[in-house]
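Below is one structure, written out as structure tokens; the observations come after it.
Derivation of every value follows stated rules applied to the coordinates shown; laboratory data play no part. Given the structure is predicted, the values throughout are model-derived calculations rather than measurements. Cβ sites come from the backbone with ideal geometry, for glycine too, and all protein chains shown count toward neighbours.
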Amino acid sequence: MQEKFKSNVYVMYTYCVYLIYNSFVAQYMPILNWIGKDKVVNHHLDVPYRVLEHQYGFNNGEESKAQTSSGNKIIHGDNLEALKSLLPEYEGKIKCIYIDPPYNTGNEAWVYNDNVNDPKIKKWLGQVVGKESEDLSRHDKWLCMMYPRLKLLHKLLADDGAIFISIDDNEQANLKLLCDEIFGKLCS
């Protein structure tokens, strides 16, 4: 009886230490703020669902109009809308996600435009963030672009899933704080 009592006390002690640690971390965890954050924090909820319609597939390396049984999907379009369209079928089911977002170097002459001043991004920021978007730094724009996409990726990720993100030093620190906020501090 005394042995059981000791183990229960230990479990309770461990649980209390865990709660105290978590409340300490939550209280003193760095918070990332930027211009436009208040407009994009829940933007993923405003993105309309789109129905994915089968256009083509590949069977033995050949393009085919017929449905395939591979389970793979090639989606052309805005990645925010594409992620939202995957939710009904895949929410909480994806085991592994890899993304390679723009590194935000400001380099427009690279293999692809790595600058957040792309006309599509500017238009989207104007619609979502409003007049404030005219005063955003390139880091503010990058954060506004990334936040709703990471929120949707979090919804798609299974509880035991993993996300891998390629990034360089331009936004690594901001990405770490974004991921801590969205996926949880203990998950990164």
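Set the Förster distance to 25 Å, then compute FRET efficiency between Gln55 and Tyr98 from the Cβ-Cβ distance, nearest 0.05. The partial results should precede the final answer.
Numbers: r = 24 Å, r/R0 = 0.96.
Here the calculated transfer efficiency is 0.55.
Expressed to the nearest 5 percent, the antiparallel share of DSSP beta bridges inside the range 33-187 is 40 percent. Fully extending the segment from Asp135 to Asn79 would add 17.7 nm, taking 0.36 nm per residue of separation and subtracting the current Cα-Cα distance. Counting 0.36 nm for each residue step from Gln67 to Asn42 and taking away their Cα separation leaves a gain of 5.5 nm.
Taking Cα centre as origin and charging only the Cβ of basic (Lys, Arg, +1) and acidic (Asp, Glu, -1) residues, the dipole magnitude of the range 33-187 rounds to 340 debye.
With K and R counted +1 and D and E -1, the other residues having a Cβ less than 13 Å from that of Arg50 yield a net charge of -2. Taking amide H atoms as placed 1.01 Å from N in the peptide plane, the amide H of Ile97 lies under 5 Å from those of Ala162, Ile163, Phe164, each 5 or more residues away in sequence or on another chain.
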